[in-house]
Amino acid sequence: MTESILSAKHVSKVFVTRGDGAVFAGTTRFTAVDDVSFEVPRGKTLGIVGESGSGKSTTARIVAKLIDPTEGTLEFEGDDVTKPSGRALAAFRSNVQVVFQDPFSSLNPRHTVEKIISAPLDYQGITPKQGKRALVRELLERVGLNADHAQRYPGQFSGGQAQRIGIARALAVSPKLVICDEAVSALDVSVQARVINLLNELQAELGLSYVFIAHDLAVVRQIADTVAVMSKGRIVEQGDRDAIFGHPQHEYTKTLLAAVPQINPEWELERVRMLAAEGAVE
Ligand SMILES: Nc1ncnc2c1ncn2[C@@H]1O[C@H](COP(=O)(O)OP(=O)(O)OP(=O)(O)O)[C@@H](O)[C@H]1O
Ligand SMILES: [Mg+2]
């Protein structure tokens, strides 16, 4: 069995919302994540798929410790990190980083790329050995951008390039686990494929583990080693990618798979060639 970098056991999240006092004065409880357990294999990718509202982002926020679970436990490299504080929480924050969906809204338009990428270092009080400026240059090159563009602003980049900046920022603190929440969903299919290639290359070079969340099964198929299928806050099926895609057991997974459009690779190649000819590819 592959060793896990992270394991979630019986994790639930209940959101309590207050009524506005006029029409409904009480509180409502909504279970967004309902008793989920999963493992992230070290150096590999757990894909989480499911329709909108199924609890994927809530799960991501719990794993990244942006919110606390109502129930359940989280372990990172064998240590209980359900309620870390002080030094343990700081260590967790540099080990686990998140890349969000919309590259532009998650990058401050008034900050230079250098400032954006080095923000997690400043936040954690980390001074890189080679100096901040040199590290930012290294990171830009690593994600396939021009190191001389460090003084530019997000608005001067395409969507795919902006997402590469988001990835460089996540890598600044040398994390072991990166959570990608719909990180390529806002991008064109051909740009998506390039960013996924980059993520796969970074995984091979740096030994990163990923939690890769998407509502699009075709995208998850390109990157995940194991897959968890979520519906209404629960994981209805999980296992190796080939088993899930080849022999889905659950009706909901079968429905999701049936909805995946069959892409003719020849047409897609032709489309990429046309875009490239127009200079539209990043
Ligand atoms: N802070 C919150 N307070 C109350 N309800 C919330 C909160 N955050 C999320 N929810 C609810 O929890 C459910 C799951 O939301 P979540 O964002 O995790 O879904 P998702 O699978 O990521 O969906 P999408 O594919 O649209 O991103 C939704 O019904 C959402 O409205
Ligand atoms: Mg979401």
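The values are calculated or read from the model by the stated rules, or taken from the named source; none is laboratory data. Being a predicted model, the structure only gives us computed values, none of them experimental. As a convention, Cβ positions derive from the backbone with ideal geometry for all residues, glycine included, and neighbour counts pool all protein chains shown. The accessibility values were calculated without ligands, DNA or RNA, using every heavy atom of the protein model including side chains. Shrake-Rupley method; radii C 1.70, N 1.55, O 1.52, S 1.80 Å.
Using a 7 Å offset from the Cα along the Cα-to-Cβ direction at both L206 and Q124, what is the distance between the two label points in nm, to one decimal?
With each label placed 7 Å out from Cα toward Cβ, I get 1.0 nm.
What is the local net charge at P41, summed over the other residues whose Cβ is closer than 9 Å to its Cβ (Lys, Arg +1; Asp, Glu -1)?
In short, -1.
I need the shape label for segment 152-207. Rule: rounded when a/c is under 1.5, else prolate if a/b > b/c, else oblate, with a, b, c from the alpha carbon gyration tensor.
In terms of gyration-tensor shape, oblate.
Across all directions of projection, what mean area in square nanometres is found for the Cα convex hull of segment 54-130? Mind dumping the intermediate values first?
On the way: hull surface 28.0 nm².
The Cα convex hull of segment 54-130, projected and averaged over all directions, gives 7.0 nm².
What are the trypsin sites (Lys or Arg not before Pro) within segment 74-114 that DSSP puts in a loop, where the Cβ has at most 15 other Cβ atoms within 10 Å? Present the calculation step by step, with values, prior to reporting the outcome.
Working: sites: R87, R93, R110; in loops: R110.
Passing sites in segment 74-114 are R110.
Would you grab the residues whose amide H sits under 5 Å from the one on R234? Only those 5+ places off in sequence or on another chain, please, with H modelled 1.01 Å from N.
D34
How large are Rg and Dmax for segment 64-186 when calculated on the C-alpha trace, in angstrom?
According to the Cα coordinates of segment 64-186, Rg and Dmax are 15.2, 47 Å.
Taking a 1.4 Å probe, which of D216, D242 shows the most accessible area, and what order do the others take after it? Could the numbers behind the result be given before it?
Values: D216 55, D242 105 Å².
Solvent-accessible surface, decreasing: D242, D216.
Tell me which of V14, Q156, V33 sits at the most positive position along the dipole axis of the chain, charges placed on C-beta atoms (Lys, Arg +1; Asp, Glu -1).
Among V14, Q156, V33, the one farthest towards the positive end of the dipole of the chain is Q156.
Given a 10 angstrom Cα cut-off, can you work out which residue in V96, V184, V16 is the most mobile in a GNM of the chain?
In the Gaussian network model the winner is V16.
Name the residue, out of A64, A134, A150, whose mean-square fluctuation peaks in a Gaussian network model built on the chain with Cα pairs under 10 Å.
The residue that fluctuates most here is A134.
Give me the percent of the accessible area of segment 31-84 that comes from carbon and sulfur atoms, probe 1.4 Å, all protein chains in place.
Solvent-exposed carbon and sulfur of segment 31-84 make up 41 percent of the total.
Report the Stokes-Einstein translational diffusion coefficient (µm² s⁻¹, integer) for segment 1-145, Rh taken as the Kirkwood radius over Cα pairs, at 37 °C with viscosity 0.692 mPa s.
For the chosen part, D equals 182 µm²/s.
Quick one: net charge around G131, please, counting Lys, Arg +1 and Asp, Glu -1 for every other residue with C-beta under 13 Å from its C-beta.
Values: positive: K129, K132, R133, R137; negative: E114, E138.
After counting each charged neighbour, the total is +2.
For q = 0.09 Å⁻¹, what log10 I(q)/I(0) does the chain give under the Debye formula with an equal point scatterer on each alpha carbon and no solvent?
The calculated log intensity ratios at q = 0.09 Å⁻¹ are -0.46.
Using Cα pairs closer than 8 Å and at least 6 residues apart in sequence, work out the relative contact order for segment 4-275, in percent. Could you put the intermediate results ahead of the total?
Values: 488 pairs, mean separation 67.0, N = 272.
Answer for segment 4-275 is 25 percent.
Could you give each residue of segment 184-192 its phi-based ³J(HN,Hα) in whole Hz, using Karplus coefficients 6.51, -1.76, 1.60 with θ = phi - 60°, and x for Gly or Pro?
Here the 3J(HN,Hα) series is 10, 5, 7, 9, 4, 3, 5, 6, 3 Hz.
Provide the per-residue ³J(HN,Hα) series for segment 163-171, in order, calculated from phi with Karplus coefficients 6.51, -1.76, 1.60 and θ = phi - 60°, each as a whole number of Hz, with x at glycine and proline positions.
5, 5, 5, x, 5, 4, 4, 5, 7
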